[in-house]
1. Springs between alpha-carbon atoms under 10 Å, Gaussian network over chain A: tell me which of A:Arg76, A:Arg25, A:Arg106 tops the mean-square fluctuations.
2. Just check the range B:24-106 against the gyration tensor rule for me: Cα atoms, a ≥ b ≥ c as the square roots of the eigenvalues, rounded for a/c under 1.5, and otherwise prolate or oblate depending on whether a/b exceeds b/c.
3. With r as the distance between the Cβ atoms of B:Ala69 and A:Arg141 and R0 = 35 Å, compute the FRET efficiency 1/(1 + (r/R0)^6) and round to 0.05.
4. For the protein assembly as shown, with the dipole built from +1 on Lys and Arg beta-carbon atoms and -1 on Asp and Glu ones, taken about the Cα centre, which of A:Leu23, B:Met107, B:Ile127 lies farthest toward the positive end?
5. Under 17 Å from the 7 Å Cα→Cβ point of B:Glu120, by amide nitrogen: which residues of the range B:28-58?
6. Nothing charged except the Cβ atoms of Lys and Arg (+1) and of Asp and Glu (-1): what's the magnitude of the dipole of chain B about its Cα centre? Round to the nearest 20 debye.
7. So for the pair A:Ala65, B:Gln12, with labels modelled 7 Å out along Cα→Cβ, what separation do we get in nm?
8. Per-residue ellipticity at 222 nm for the protein assembly as shown, helices alone: DSSP H runs ≥ 4 residues times -39500 (n - 2.57), over residue total, nearest 500 deg cm²/dmol?
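The values are calculated or read from the model by the stated rules, or taken from the named source; none is laboratory data. These figures come from a predicted structure and were not determined experimentally. All Cβ positions, glycine included, derive from the backbone under ideal geometry; neighbour counts span all protein chains shown. Remember, those area values only see protein heavy atoms, side chains included, never the ligands or the DNA or RNA. Shrake-Rupley method; radii C 1.70, N 1.55, O 1.52, S 1.80 Å.
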Amino acid sequence: MALFRFPSSFDPTNALVSLQRELDRVFENPLGFDFGLSGKGVYPPVNVFSNKGGYFVKMEVPGLALDQLTIEAHGRTLTIRGKRDVSAPQGGSFHRRERSRGEFSRSVQLPTDLDLARAEASYKQGMLTVHIPKREEAKPRQITIKAA
Amino acid sequence: MTTQELTAHEKQEMRTAETTRPGRTYIPDVDIYETPDSLWLWADMPGVDENSLDVRIADSVLSIEGRVALQEYSDSTPVYTEYHVGNYARRFSLSGEIASERIKARMTNGVLELELPKAEHAKPRRIAVSAA
């Protein structure tokens with residue numbers, strides 16, 4: 001399993017190429033765990049990333065107000081609900097209407113070694129990120145070798 | 001308002017113009033709305049902040065471009081993916097004349113809002129018909 005890591009001097013161009021390459025690989029070949037997601041085509045799309053400390057569940061939900069978003073944890077299920085309104089000034093007409101609007105709800109089943117009670121969420125630039133840390137006992141630890 | 005089933009469509013890659021930087025570019029979803037005074041445009045560009053955005057009009061072509069922030073992906077690896085991540089770009093040819101000095105652009109929570117006021121002489125005028 002490759003780790004997506006930036007070189008010490010951050011280069012956004014190379015970073016984008018390597019992120020896209022990593023995403024493509026997982027698109028074609030999802031890794032073993034079943035997140036219980038019903039699959040592509042349901043709004044909003046979800047990406048899940050992992051790092052040493054835990055998992056990141058990311059969704060692209062631009063243009064929401066914070067009070068239009070609800071995140072619930074129940075057992076090992078994370079549910080995200082929201083409503084997206086698209087408003088326009090009065091007295092005109094639409095030429096194009098491509099942006100999704102309405103209510104949505106998505107649930108993700110998480111592995112048991114994560115601690116949903118300590119999950120944290122942030123919303124910026126239209127991206128919702130929920131970070132779920134690993135349980136302390138599930139974190140990797142170094143094993144020391146005793147001299148004989 | 002009736003509730004409609006929300007479906008996510010896969011992002012479409014922009015292929016009409018080749019970019020000088022590597023990496024794929026996607027087409028943002030837009031709404032375009034016209035009032036008697038202005039043309040309004042909203043584009044969904046999640047992951048783009050106001051400093052990574054480029055909006056310009058040249059020769060009646062409106063072009064919008066946005067670069068996504070990538071720092072927060074550092075040191076992590078994808079385990080499940082439903083959407084692609086990339087920069088955004090889209091171009092429109094404008095039929096009417098726009099008063100470019102009065103254009104207003106705003107970026108809120110990943111949505112670009114553009115108000116493109118019509119040039120005075122390009123506004124529709126009602127012509128009074130007098131009875132003979």
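1. A:Arg25
2. It comes out prolate by the Cα gyration axes.
3. On the way: r = 32 Å, r/R0 = 0.93.
After rounding to 0.05, the efficiency reads 0.60.
4. Of A:Leu23, B:Met107, B:Ile127, it is A:Leu23.
5. In the range B:28-58, the label zone of B:Glu120 (backbone N under 17 Å from the point 7 Å along Cα→Cβ) covers B:37-38.
6. 540
7. 3.2
8. Working: 1 runs with 17 residues, N = 280.
About -2000 deg cm²/dmol.
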